[in-house]
Amino acid sequence: MQWNNWSILLSEVLEQFAIGAFIIIGGVMLSGKLCFGQHDRVMKLLPLISWLLIASLLIREATLMMVQSSINVTNSSAVVFVLVFVALTLVYSLCENRLIGKDGSRKIIVAIMLLWSIAYVIDILSFSAGSGHVSAVMRIIFSVGFGGSLLAHAMLVKAQHKVDPLNIALPIFGTFIGVIILIVASLDVATLIDQTHHGILLPFVWRIVSVGCLLIATGLWLMSLLTKTKPVLAMLACACTLAIIASLTINGGF
């Protein structure tokens with residue numbers, strides 16, 4: 001792939017990680033299980049999602065400007081989604097910090113952001129499926145499901161949350177998504193190996209890198225469950241990095 005394809009992929013991966021993380025974080029905020037102190041600490045970390053979305057948008061638009069063309073595999077609705085999401089985040093943060101409106105009315109803003117994020121995930125999935133890009137569909141499922149849950153877990157651990165069931169549910173859910181990806185990735189291994197006999201090595205190499213990073217990231221994420229200890233932020237951050245690499249390289253293996 002050319003350099004501009006990698007930068008576009010990076011922008012999409014960052015965007016999908018951020019969307020998946022907010023779907024989890026938003027659901028936790030609406031559940032009412034966070035006390036005032038935990039909610040306040042989560043609020044301080046919430047801008048990270050907006051910054052990731054803005055970074056993804058800047059990378060995408062800068063790449064398109066440099067190549068001076070529109071890459072037809074990208075979804076143009078990304079710009080609208082990011083702008084609306086960031087605007088809603090600013091409105092919610094302002095209302096929360098200044099205690100504008102009742103708690104119920106502020107939760108409505110979070111619910112709108114949550115529905116907006118879910119609608120966008122459905123949009124990009126249908127766009128990729130309609131274009132026949134299997135790798136893009138698998139990357140979206142992995143980035144939103146696995147990567148988003150992992151990033152959300154890291155943010156909640158950083159915020160020192162006390163909702164202990166999440167420390168079990170999120171890794172198990174992420175592992176479930178990872179297993180699905182591994183099963184799909186194993187279906188055409190024979191074809192990839194056969195390609196190596198004809199000098200086509202990169203698809204097989206990308207598949208090995210992607211699967212390897214996925215397995216290591218999953219292992220780090222499950223470490224707290226296996227050792228029955230509290231999650232360690234450094235391990236989750238390392239797992240996030242590996243998950244990003246896995247999501248980037250998964251595109252070259254399908």
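Observations
- Neighbourhood charge, 12 Å Cβ-Cβ cut-off, centred on residue 162 and excluding it, Lys, Arg +1 and Asp, Glu -1: +2
- Calculated [222 nm] ellipticity per residue, helices only, for the chain: -27000 deg cm²/dmol; basis is -39500 (n - 2.57) per DSSP H run with n ≥ 4, divided by all residues, nearest 500.
- Cα gyration tensor, the stretch 158-254 - rounded (a/c under 1.5), prolate or oblate: prolate
- Toward the positive end of the charge dipole of the chain, with +1 on the Cβ of Lys and Arg and -1 on the Cβ of Asp and Glu, the farthest Cα among 127, 184, 11 is that of 11.
- Kyte-Doolittle mean at least 0.0 and Cα axial length at least 18 Å: DSSP H helices in the chain: 3-31, 47-67, 77-97, 103-130, 164-186, 202-227, 233-249
- Residue 193-residue 229 FRET efficiency (beta carbon distance; Förster radius 45 Å; 0.05 resolution): 0.70
- Taking the charge dipole of the chain about its Cα centre, with +1 at Lys and Arg Cβ atoms and -1 at Asp and Glu Cβ atoms, the residue from 147, 223, 204 reaching farthest to the positive side is 223.
- A Cβ-based charge dipole, computed about the Cα centre of the chain with Lys and Arg at +1 and Asp and Glu at -1, lands at about 820 debye.
- Taking all protein chains together and rolling a 1.4 Å probe, residue 158 ends up with roughly 120 Å² accessible.
- Cα shape, the chain, gyration tensor, a/c 1.5 rule: oblate
- Taking Cα centre as origin and charging only the Cβ of basic (Lys, Arg, +1) and acidic (Asp, Glu, -1) residues, the dipole magnitude of the stretch 1-63 rounds to 240 debye.
- Note on residue 88: accessible area approximately 40 square angstrom, rounded to 10, probe 1.4 Å, nucleic acids and ligands left out.
The values are calculated or read from the model by the stated rules, or taken from the named source; none is laboratory data. None of the values given here were measured: they were computed from a predicted structure. Here Cβ is always computed from backbone atoms with ideal geometry, including for glycine, and neighbour counts include all displayed protein chains. Areas reflect the complete protein model, heavy atoms only, side chains present, ligands, DNA and RNA absent. Shrake-Rupley method; radii C 1.70, N 1.55, O 1.52, S 1.80 Å.
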